[in-house]
Amino acid sequence: MFLSIVSDLQLWISQLQNILFSKMHHVSPQDYCIMLIFVICIGYCLLKGRSI
């Protein structure tokens, strides 16, 4: 059962990577940095709210 979950997770991650690489191959490094900062801020807010 555990191996099935891991396998499904790896399949999902690979599908997500394929979608991202096919859609975002034209994105500039500055856009990547902006997206990364945005994701980090959202993650920080979610984790900060969870600890309260």
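The values are calculated or read from the model by the stated rules, or taken from the named source; none is laboratory data. A quick note: this is a predicted structure, and the numbers were derived from the prediction, not measured. Only protein heavy atoms, including side chains, enter the accessible area calculation; ligands, DNA and RNA are left aside. Shrake-Rupley method; radii C 1.70, N 1.55, O 1.52, S 1.80 Å.
In whole percent, and with a 1.4 Å probe on the protein chains, what portion of the accessible area of the chain is carbon and sulfur? Heavy-atom surface of the chain belonging to carbon and sulfur, 1.4 Å probe: 73 percent.
Computed with a 1.4 Å probe over protein heavy atoms only, the accessible surface of the chain comes to 100 Å² per residue.
With all protein chains in place and ligands, DNA and RNA left out, the 1.4 Å accessible area ranks 48, 23 as 23, 48, largest first.
From the list (1) 15.7, 50; (2) 15.4, 42; (3) 13.2, 45, can you say which value of Rg and Dmax of the Cα atoms in Å was derived from the structure given? Evaluating Rg and Dmax of the Cα atoms in Å on these atoms matches (2).
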